[in-house]
Every structure is written in structure tokens, then in C-alpha cells.
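Contents: one structure, followed by commentary.
What follows draws every value from the coordinates through simple rules; no lab data is involved. Just so we're clear, the structure is a prediction, and the values are computed from it rather than from any experiment. Neighbour counts run over all protein chains shown; Cβ positions are idealised from the backbone, glycine included.
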Amino acid sequence: MTSGQNTNTITLRYFAWVREKVGLAEEEVSLPADVATVGELMKWLQARGETYQAAFAKPEIIRAALDQTHARADAPIGSAREIAFFPPVTGG
Amino acid sequence: MSVRVQSEDFDIGTEISALTDHRSDIGAVVTFTGTVRGSAGGAPITSMTLEHYPGMTEAELARVEAEANARWPLSASLIVHRIGELHPGDNIVLVVTASAHRHAAFEAAEFLMDYLKSHAPFWKKEARPDGTCSWVDARETDAAALQRWQKSPSKAAE
């Protein structure tokens with residue numbers, strides 16, 4: 001992975017059925033400059049291939065975390081280094 | 001105050017002793033234990049596997065515990081949550097709250113469970129006798145259970 005001046009390399013992590021549908025637990029990606037929010041990132045991921053399309057088909061039900069803190073779809077990515085996507089939690 | 005995420009089982013008596021031994025300020029200890037049911041939606045399950053988000057899970061549990069300690073005068077508290085493959089009857093989660101009086105301990109224990117269920121990143125997958133498995137869906141009632149904690153603790157029983 002290269003990290004040029006105009007790219008922002010971050011770690012994406014996937015959990016539960018999001019992980020299974022994407023087929024990866026984590027990966028490094030270079031974010032395009034026009035992806036500014038969590039919701040925009042999900043749209044961008046959807047377009048990356050069939051597995052992503054399947055995982056992010058209903059982005060409204062997917063939860064996200066920025067640097068291990070819950071974040072809404074309209075949250076700006078800012079300088080986050082790690083972004084996670086997962087289904088609503090079912091612990092307890 | 002402490003939280004633990006572990007694959008090993010826990011012993012309730014041991015955990016209570018660890019919190020309360022040599023303490024004379026505690027007048028009430030409440031525990032909640034969640035266990036694996038042997039069926040889901042009327043159909044039997046053979047196992048339940050819990051996935052978590054290492055790092056964030058512990059941080060969220062600690063945050064929820066700190067919130068409970070800010071709302072109620074707790075003398076001690078503990079959250080233990082298991083991960084990995086569990087079977088019907090196995091322990092999943094333990095919440096212990098200790099306070100000088102019972103109301104704070106009861107309310108804080110329920111608050112911890114309600115918040116944990118909708119904030120802590122854990123996901124359950126159930127396996128059935130025919131070998132198929134599926135992820136457990138989040139329940140509307142768990143989200144609704146949070147609503148009452150928007151009120152002050154003293155009105156929480158309404």
C-alpha cells in the first residue's frame with residue numbers, strides 16, 4: 001500500500017455477517033478524497049464488487065465505529081485510522 | 001470497577017467474594033447471569049458462538065460501567081462476558097453490582113445489562129442440529145429497554 005499526498009490509507013474491519021459477506025476480516029484501503037463520511041464510505045465500498053454489494057446492500061442496518069467508537073452514517077471520517085462495520089450488536 | 005472478556009467460564013461465588021471480601025461498606029450485592037437457551041424461536045440449538053471486537057468491546061464495557069458508577073453510588077461493580085463457542089446451559093454474561101443499599105444495586109445491574117446489550121460489540125451465531133447456523137437478529141425490545149434510562153434513576157421503575 002502506498003500513501004501519497006492525496007490519499008488517506010485506513011484500516012477497515014468487518015464483523016459477524018458483514019465479515020462473512022465481504023469475505024475479509026480486515027483490509028487496508030486508500031480513501032478517495034471525496035469520501036468524507038461513514039455513509040459515503042459504505043456507498044463507495046458497495047461499488048467495489050459483488051461481495052461488498054451483498055454486504056452493504058442495506059447500509060441503513062449496518063453499524064459503524066470510528067477508531068473503536070460508535071459512529072453514525074453522517075459522522076465525518078476525519079483523521080480516523082480504523083473504521084469498522086458490523087450488524088447491530090447482540091451480546092448479553 | 002472492572003470488566004473482563006474471556007472464553008473461560010466464571011464462578012459467581014468467587015467473583016462476589018473478590019468484590020466484597022474485607023469490605024464493611026457494602027450492604028447489598030446484586031448479580032445477573034445470562035445463560036444460553038437450548039432453543040430459539042421454538043427450534044433447538046446445539047451451540048452459540050460469540051464474536052467480539054477486541055479492544056472496542058472492552059472499552060465499551062468500561063464506558064457503560066463508568067456511566068453506571070456515575071449514576072448510582074456503587075461500592076463495587078463487575079462485568080464478565082464470555083466469547084467463543086458456548087452450549088445450552090452455559091454462562092454467557094455476569095454483572096455484579098454492590099452498594100450500601102439495594103435500590104442502587106438493583107437499578108445499576110439492570111442498567112448495565114440494558115446498555116451492554118445495545119452498545120457492547122458482541123454478535124451471537126446459533127447452530128442447529130441439522131448443521132445450519134445463523135446470526136441472531138438484534139431485538140426491538142432491547143432498544144426499547146434503553147428508553148427508560150433516559151429518565152432519572154429514581155423514575156426508572158415507571
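Could you check, for the range B:135-145, whether at least one of its residues is in contact with a Ser or Thr (Cβ under 7 Å, 6 or more places away or on another chain) and crowded, with 21+ Cβ neighbours inside 10 Å? Within the range B:135-145 (the criterion being in contact with a Ser or Thr (Cβ under 7 Å, 6 or more places away or on another chain) and crowded, with 21+ Cβ neighbours inside 10 Å), the answer is no, since none of the residues qualifies.
Name the one entry in B:L94, B:L112, B:L78 that is part of a helix (DSSP H, G or I), buried (at least 20 other Cβ atoms within 10 Å of the Cβ) and not hydroxyl-bearing (S, T, Y). Outline the logic, then answer.
On the way: B:L94 fails: part of a helix (DSSP H, G or I); B:L78 fails: part of a helix (DSSP H, G or I).
Unique residue meeting the criteria: B:L112.
Out of B:E85, B:E107, which single residue is touching a Ser or Thr at 6+ places or on another chain (Cβ under 6 Å), acidic (D, E) and closer than 30 Å to B:D137 by Cβ? Step through it out loud before you land on a result.
Working: B:E107 fails: touching a Ser or Thr at 6+ places or on another chain (Cβ under 6 Å).
Only one candidate qualifies: B:E85.
Among residues of the range A:11-27 that are assigned to a strand (DSSP E or B), those with a Cβ under 6 angstrom from a residue that is among the basic types (K, R), sequence gap 6+ or separate chain, pair up as A:E26/A:R13.
In this structure, is B:A62 outside any loop (DSSP other than H, G, I, E, B), surrounded by fewer than 14 Cβ atoms within 10 Å (Cβ to Cβ), of a type in the set (A, V, I, L, M, F, W, C) and within 14 Å of chain A (Cβ to nearest Cβ)?
Numbers: outside any loop (DSSP other than H, G, I, E, B): yes; surrounded by fewer than 14 Cβ atoms within 10 Å (Cβ to Cβ): no; of a type in the set (A, V, I, L, M, F, W, C): yes; within 14 Å of chain A (Cβ to nearest Cβ): yes.
No, not satisfied.
Restricting the search to the range A:68-92, which residues are free of Cβ contacts under 8 Å to residues at least 24 places away in the same chain, within 12 Å of chain B (Cβ to nearest Cβ) and in a loop (DSSP other than H, G, I, E, B)? Of everything in the range A:68-92, those that are free of Cβ contacts under 8 Å to residues at least 24 places away in the same chain, within 12 Å of chain B (Cβ to nearest Cβ) and in a loop (DSSP other than H, G, I, E, B) turn out to be A:Q68, A:T90, A:G91, A:G92. Tell me, please, whether a residue that is in contact (Cβ under 8 Å) with a residue 24 or more places away in the chain and more than 14 Å from every other protein chain (Cβ to nearest Cβ) can be found in the range B:30-37. Looking through the range B:30-37, at least one residue is in contact (Cβ under 8 Å) with a residue 24 or more places away in the chain and more than 14 Å from every other protein chain (Cβ to nearest Cβ). Counting the residues of the range B:19-36 that are surrounded by 13 or more Cβ atoms within 10 Å (Cβ to Cβ) and out of contact with any helix residue (DSSP H, G or I) (no Cβ under 9 Å at 6 or more places or on another chain) gives 3.
Within the group B:P54, B:P88, which residue is assigned to a loop (DSSP other than H, G, I, E, B), within 28 Å of A:V18 (Cβ to Cβ), away from every other protein chain (no Cβ under 13 Å) and not aromatic (F, W, Y)? Just one listed residue meets the conditions, B:P88. Scanning the range A:46-67 for residues that are free of Cβ contacts under 8 Å to residues at least 12 places away in the same chain and among the aliphatic types (A, V, I, L, M) returns A:A47, A:A57.
Candidates are the residues of the range B:117-132 that are touching a residue at least 12 places away in the same chain (Cβ under 8 Å) and of a type in the set (D, E, K, R); the one that is farthest from B:V5 (Cα to Cα) is B:R128. Here is a check on your reading of the model: is B:D114 free of Cβ contacts under 8 Å to residues at least 40 places away in the same chain, under 21 Å from B:L78 (Cα atoms) and within 14 Å of chain A (Cβ to nearest Cβ)? Yes: the conditions hold for B:D114.
Scanning the range A:66-75 for residues that are touching a helix residue (DSSP H, G or I) at 6+ places or on another chain (Cβ under 6 Å) and of a type in the set (A, V, I, L, M, F, W, C) turns up A:A71, A:A73, A:A75. For the range B:38-66, the candidate set comprises residues that are in contact (Cβ under 8 Å) with a residue 60 or more places away in the chain and among the charged types (D, E, K, R); within that set, the residue that is nearest to B:D137 (Cα to Cα) is B:E51.
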